[in-house]
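The values are calculated or read from the model by the stated rules, or taken from the named source; none is laboratory data. As the structure is a prediction and not an experimental result, all values here were calculated from the model. A quick note on method: Cβ atoms are made from the backbone with ideal geometry, for glycine too, and the neighbour counts reach across all protein chains shown. The protein model used for the area step is the full one, side chains on, heavy atoms only, and it has no ligands, DNA or RNA in it. Shrake-Rupley method; radii C 1.70, N 1.55, O 1.52, S 1.80 Å.
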Amino acid sequence: MPEALDDQLIGQLVDRAKAGGIKLTGEGGLLQQLTKRLLESALEGEITDHLGHEKHERAADGNTRNGTRSKTVVTEVGPVEIEIPRDRVGSFEPQIVKKRQRRLTGVDEMVLSLSARGLTHGEISAHLAEVYGAEVSKTTISTITDKVIDGMNEWQNRPLDSGRFPLIVANQS
């Protein structure tokens, strides 16, 4: 029964979007709007949990909500502008969309996959703009690939634990 309700709800959303002239994908599309609502709802839940009280309730410690700040994040459905809630003391550290995070998961993996297939940074940037409407600069793409290469080099050059690797001696006599 819950699956039927979900299918019915999704069908209603799609029908309302079509009736209102809203595209399903692309800038201002249904997927972008749903992503925005979902992220903002999750962030509201995070700040409520952090503060320990609902919106418009009195705070025991004096720390309350203090408006929002706008932030654009790049997602699989394109760039999405969201409102990040703030608290008066400045102790709120969101986890869904962390401070200074500009890309949600998926974009980094896509850049690495396209890079591994031999595409140049310019081609990757053009692909992301064409398919997802996301303006990702060549510099950002370079930063993503450099970060991964640095991590791989660090892992390859790590000191080996002598107790974990058996020594095998072969005698060819």
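Average accessible surface for segment 15-65: 71 Å² per residue, computed with a 1.4 Å probe over protein heavy atoms with every protein chain in place. Ignoring lysines fewer than eight residues from K98 along the same chain, the ones with Cα atoms less than 16 angstrom from its Cα are K36, K71.
Return an integer: the convex hull volume of the alpha-carbon atoms of segment 1-104, in Å³ per residue. Show your work: numbers first, answer last.
Details: hull volume 13.5 nm³, N = 104.
Once divided by residue count, the hull of segment 1-104 is 130 Å³.
Rounded to the nearest 20, the Cβ-based charge dipole of segment 34-84 about its Cα centre (Lys and Arg +1, Asp and Glu -1) stands at 180 debye. Peptides 113-119, 36-42 ranked from most to least packed by the mean count of surrounding Cβ atoms within 10 Å: 36-42, 113-119. Measuring r between the beta carbons of V14 and L38 and using R0 = 22 Å, the FRET efficiency lands at 0.85. If you roll a 1.4 angstrom probe over the protein chains with everything in place, what fraction of the accessible area of segment 59-123 belongs to carbon and sulfur, to the nearest %? Answer for segment 59-123: carbon and sulfur cover 50 percent of the accessible area.
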